[in-house]
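Working notes, beginning with the structure itself.
The values are calculated or read from the model by the stated rules, or taken from the named source; none is laboratory data. The structure displayed is predicted, hence computed values, not measured ones. Because the Cβ atoms are built from the backbone with ideal geometry, glycine has one as well, and the counts that use them run over all protein chains shown.
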Amino acid sequence: MPLSKRDRYVTDAEFWAVHANWPPMQQIGMELAWLTGLRREDIVNLTRDSVTDEGLLVHTGKTDKPLLFVWTDELRELIDRAQAMPPRVRRHLLCNRQAAGTRRTGSQLFGPERAGKRYRTALWQRLTASTISGPSQPATRQTPW
C-alpha cells in the first residue's frame with residue numbers, strides 16, 4: 001500500500017543534502033524550521049524584536065499565542081548568522097536583498113506563494129531527487145539571489 005502524504009517524512013539525509021544546495025538565507029530558514037518546528041509563515045515573519053534576552057519569542061500565525069524558544073548554543077549561533085546576513089539594516093531576520101521581510105519574502109525564500117503547496121512539494125521532490133541520485137535529474141529552483 002502506498003504511503004499517504006502525511007506518512008512520508010523527509011529523512012535527515014534528504015534534508016541536509018537539499019540544505020547544502022540552497023543559498024545561505026534559505027539555509028537559515030530551513031535550520032530554523034528544523035530546530036523550532038515553526039511553520040514557514042512564522043519563520044519569515046520573525047523580526048529583530050523577536051530576539052529577546054530570554055530567547056526567540058514568536059507569535060504564531062495559527063494560534064497567535066506566544067512561544068518562547070529559550071537560547072541554546074545552536075539557536076543563538078543560527079540567529080547570529082541570520083543577523084549578520086546582508087543587508088545588515090532591516091527589520092526581519094530573513095529577507096530579500098532589498099530588506100523586504102513580507103509574505104512575498106517567504107515566497108522568494110521558499111517558492112512562489114501563488115503557485116501554492118503543489119509547487120513547493122514538487123520543488124522539494126525535484127531537489128531531493130537530484131541531490132540524492134546525482135546530476136542525472138537536474139533540479140530547478142527560483143531564488144532572489
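Taken over segment 37-61, the criterion of being of a type in the set (Gly, Ala, Ser) and part of a helix (DSSP H, G or I) is satisfied by Ser50 alone. Looking across segment 54-70, just one residue is closer than 12 Å to Leu38 by Cα and among the charged types (D, E, K, R), and that is Lys62. Going through segment 7-23 one residue at a time, which ones are among the aromatic types (Phe, Trp, Tyr) and surrounded by fewer than 11 Cβ atoms within 10 Å (Cβ to Cβ)? Once the filter is applied, which keeps residues that are among the aromatic types (Phe, Trp, Tyr) and surrounded by fewer than 11 Cβ atoms within 10 Å (Cβ to Cβ), segment 7-23 yields only Tyr9.
Taken over segment 53-104, the criterion of being of a type in the set (Val, Ile, Thr), surrounded by fewer than 11 Cβ atoms within 10 Å (Cβ to Cβ) and modelled with pLDDT of 90 or more is satisfied by Val70 alone. Among the residues of segment 21-74, just one is in contact with a Phe, Trp or Tyr (Cβ under 6 Å, 6 or more places away or on another chain) and of a type in the set (A, V, I, L, M), namely Leu56.
For segment 67-92, filtering for residues that are touching a residue at least 24 places away in the same chain (Cβ under 8 Å) and under 13 Å from Pro24 (Cβ atoms) leaves 5.
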